[in-house]
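All remarks here apply to the structure that follows.
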Amino acid sequence: MSSRDRILGRIRRATADGYPDPDPVIPRDYLQVHGARTPAGRADLLAANLAEYRAKVHRVDEDGIAMLLMRLLAERGAESVLVPAGLPPYWLAAADPTRIHDRAVSTPRQLDAVDSVVTGCALAIAETGTIVLDGGPGQGRRRITLIPDHHICVVRVPGQVVDSVPQALPLLDPTRPLTWISGPSATSDIELDRVEGVHGPRTLEVVLLGAQ
């Protein structure tokens, strides 16, 4: 018997009177979603909550994605852009910056020298304005979205947008490296002085692809 089994056994014995069932069923009767929304309404709520977190939100269709990304990178003055291996090539077909590919041998210093990173996502949650990354082919490893100062994240609408966290969790693989992003990186001290870019990108731009 392991130490863990002994400790759990003692807890079960100590709480046996109050909890006759050692493995009680936990009720999950809370609301899965707050209100009924159309796909368009879900996208609107996501955009509003992203903007509340100071993310920059853009809407575009498939025909306009390449020109939009070119414009966003140009406005940023980006001379280099980090590209995950599975990113659709046509997304950056019109962009000028030098492509930097996601490589395991890249050091944090090398990644910090990159001007921008463009990725897809796993899911977006409308009620919380949250983007979820899981390291999929169009997203790359976690560190490429935490070290560069400018992150452009593309969300396919409506397919990748859900209403709530309870709806999102069953769709995500808990064995993958999940990163939950609600706005640009920021923190505040005890006097509520906000500092951005502390533990992630200072600027987050979210492109809602398919939403016009």
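The set of residues in segment 94-112 that are surrounded by 20 or more Cβ atoms within 10 Å (Cβ to Cβ) and β-branched (Val, Ile, Thr) contains only Ile100.
Quick check on segment 74-85. Is at least one of its residues basic (Lys, Arg), buried (at least 17 other Cβ atoms within 10 Å of the Cβ) and on the phi < 0 side of the Ramachandran plot? Looking through segment 74-85, at least one residue is basic (Lys, Arg), buried (at least 17 other Cβ atoms within 10 Å of the Cβ) and on the phi < 0 side of the Ramachandran plot. Confirm whether Arg71 is of a type outside the set (Val, Ile, Thr), more than 24 Å from Arg142 (Cα to Cα) and surrounded by fewer than 19 Cβ atoms within 10 Å (Cβ to Cβ). Yes.
Scanning segment 62-119 for residues that are of a type in the set (A, V, I, L, M, F, W, C) and in a loop (DSSP other than H, G, I, E, B) yields a total of 10.
Residue-by-condition table, conditions (1) of a type in the set (Lys, Arg); (2) not in a loop (DSSP other than H, G, I, E, B):
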position	(1), (2)
Ala124	no, yes
Thr128	no, no
Val132	no, yes
Gly135	no, no
Ile147	no, no
Ile152	no, yes
Pro170	no, yes
Arg176	yes, no
Val195	no, yes
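Only a single criterion out of (1) polar (S, T, N, Q); (2) touching a helix residue (DSSP H, G or I) at 6+ places or on another chain (Cβ under 7 Å); (3) under 25 Å from Pro97 (Cα atoms) is not satisfied by Thr203, namely (2). Each residue in segment 182-212 was checked for being in contact with a Leu (Cβ under 7 Å, 6 or more places away or on another chain) and either at pLDDT 95 or above or among the hydrophobic types (A, V, I, L, M, F, W, C) (or both), and 3 pass. Contact map, segment 38-51: first residue in a helix (DSSP H, G or I), second residue open to solvent by 30 Å² or more (accessible area, probe 1.4 Å) and among the β-branched types (Val, Ile, Thr), Cβ cut-off under 8 Å, separation 6 or more or different chains; pairs are Ala47/Val57; Asn49/Thr128; Leu50/Val57; Ala51/Val57. Here the condition is being buried (at least 19 other Cβ atoms within 10 Å of the Cβ) and of a type in the set (Asp, Glu); of Asp115, Asp134, Asp163, it holds for Asp163 alone.
The values are calculated or read from the model by the stated rules, or taken from the named source; none is laboratory data. Since we're looking at a predicted model, the values are computed, not measured. Methodologically, a virtual Cβ is constructed for each residue, glycine included, from the backbone with ideal geometry; neighbour enumeration extends over all protein chains shown. Note: areas computed on protein heavy atoms with side chains; ligands, DNA, RNA excluded. Shrake-Rupley method; radii C 1.70, N 1.55, O 1.52, S 1.80 Å.
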